[in-house]
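Asker: Have a look at this one before I ask anything.
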Amino acid sequence: MRTDIFARLDREPEPPKIEIPRMSRTRKALFGGTLAFYLAIVVAVLVSSSLVILDWKIMLFRPYQQWPDMHPFLDYFVVLGQRGPTAVMIAAWLGWRSWRQHTLRPLLVLGTALLLLNVTVGAVKLGLGRLGPHYATQIGSTELFAGGDIFPSGHTANAVVTWGILAYLATTPRARRYLSVMSAVVALGVGATTVYLGTHWLSDVLLGWAAGLLILLGLPLFEPLIGRAELVIFAVRERWRARDRTTPSTPVASGGPRPVPVSTEAASPADESPREPIGAGHSGHAGAGLNAGTVAGTGRLTQPRPHAVRSERTPGTPTGSRRPPNSRPMTGG
């Protein structure tokens with residue numbers, strides 16, 4: 001008997017109608033404004049503007065020493081920006097959604113976003129080589145091209161992308177609004193936490209927010225590629241299923257007996273003739289045979305009688321009994 005719990009876990013009979021985001025005019029305007037902000041942050045750090053001075057003021061203020069009671073909680077909260085744990089959690093949720101909706105698009109969108117995040121943010125990190133606040137060597141310097149990998153903030157950009165994917169893949173406007181607010185709060189909180197802990201400059205966090213938002217705004221450009229990849233994966237799956245259906249379903253064990261093919265040839269008419277039982281026939285022949293096989297006056301057979309069938313034998317004494325069958329003494333007359 002099915003219960004409501006198992007009924008809810010059943011897959012939907014048909015995938016819901018998912019509206020794929022397009023590069024509308026609003027999205028293009030947001031993308032262009034975020035890109036301009038991104039470039040402005042990079043230029044402000046390169047020319048050692050007032051933004052770099054603000055970075056040093058916050059670093060020397062040391063927020064983690066001003067409010068030490070918040071340190072234990074924020075040490076755990078910043079994990080929401082780490083790529084490994086967040087990617088596993090979001091991938092598990094989107095994998096369940098893919099199974100329910102009979103589509104691979106949620107997982108492919110997440111994979112595309114993470115790939116873009118690693119390539120773009122990683123390239124800028126290695127190219128600029130900025131050191132973090134804990135490894136700064138000279139007060140007021142930009143700490144660029146010193147072999148670091150802190151600019152932009154990877155935690156902040158990852159929080160924007162991984163949690164923003166939930167809002168990007170929402171199927172209803174209401175869910176999209178709620179998830180957008182939630183992802184924005186998490187991303188802002190993770191960025192501020194890295195500044196509090198002293199692991200990033202303020203400019204690192206600003207650039208991380210811009211980098212993650214650029215990836216989310218530019219994802220519609222990769223939707224045609226994601227759709228083609230999904231079709232290719234489904235085609236490969238169908239080929240594998242067809243190949244499995246052609247293979248035998250009952251394999252023979254190694255060394256075991258092989259099935260013997262049954263001959264379909266018809267039996268010859270000579271083999272189909274019925275055999276008469278022994279001793280059957282006409283009465284005259286039976287009498288002649290009996291007279292020829294006995295000695296006159298004795299009634300003893302001159303030829304040995306053929307063995308009887310096991311079912312025709314007289315049942316013997318039970319096993320283990322030493323008493324002969326006729327050992328009971330005769331009494332009376």
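Asker: Residues of region 136-175: accessible area per residue at 1.4 Å, in Å²?
Answerer: Details: 1530 Å² over 40 residues.
Per residue, region 136-175 has an accessible area of 38 Å².
Asker: Let me ask another. Could you order peptides 159-168, 19-28 by the average number of other Cβ atoms within 10 Å of their residues, highest first? Could the numbers behind the result be given before it?
Answerer: Values: 159-168: 24.5, 19-28: 11.4.
Going by the mean number of other Cβ atoms within 10 Å, highest first, we get 159-168, 19-28.
Asker: Using a 1.4 Å probe over the heavy atoms of the protein chains, calculate the carbon and sulfur portion of the accessible area of region 128-239 as a whole percent.
Answerer: Numbers: 3330 of 4760 Å².
Using a 1.4 Å probe with all protein chains present, region 128-239 comes out at 70 percent carbon and sulfur.
The values are calculated or read from the model by the stated rules, or taken from the named source; none is laboratory data. Bear in mind the structure is a predicted one, so any value in this text is a computation, not a measurement. No Cβ is skipped: glycine too gets one built from the backbone with ideal geometry, and neighbour counts run over all protein chains shown. Surface accessibility is based on the protein's heavy atoms, side chains included, excluding ligands, DNA and RNA. Shrake-Rupley method; radii C 1.70, N 1.55, O 1.52, S 1.80 Å.
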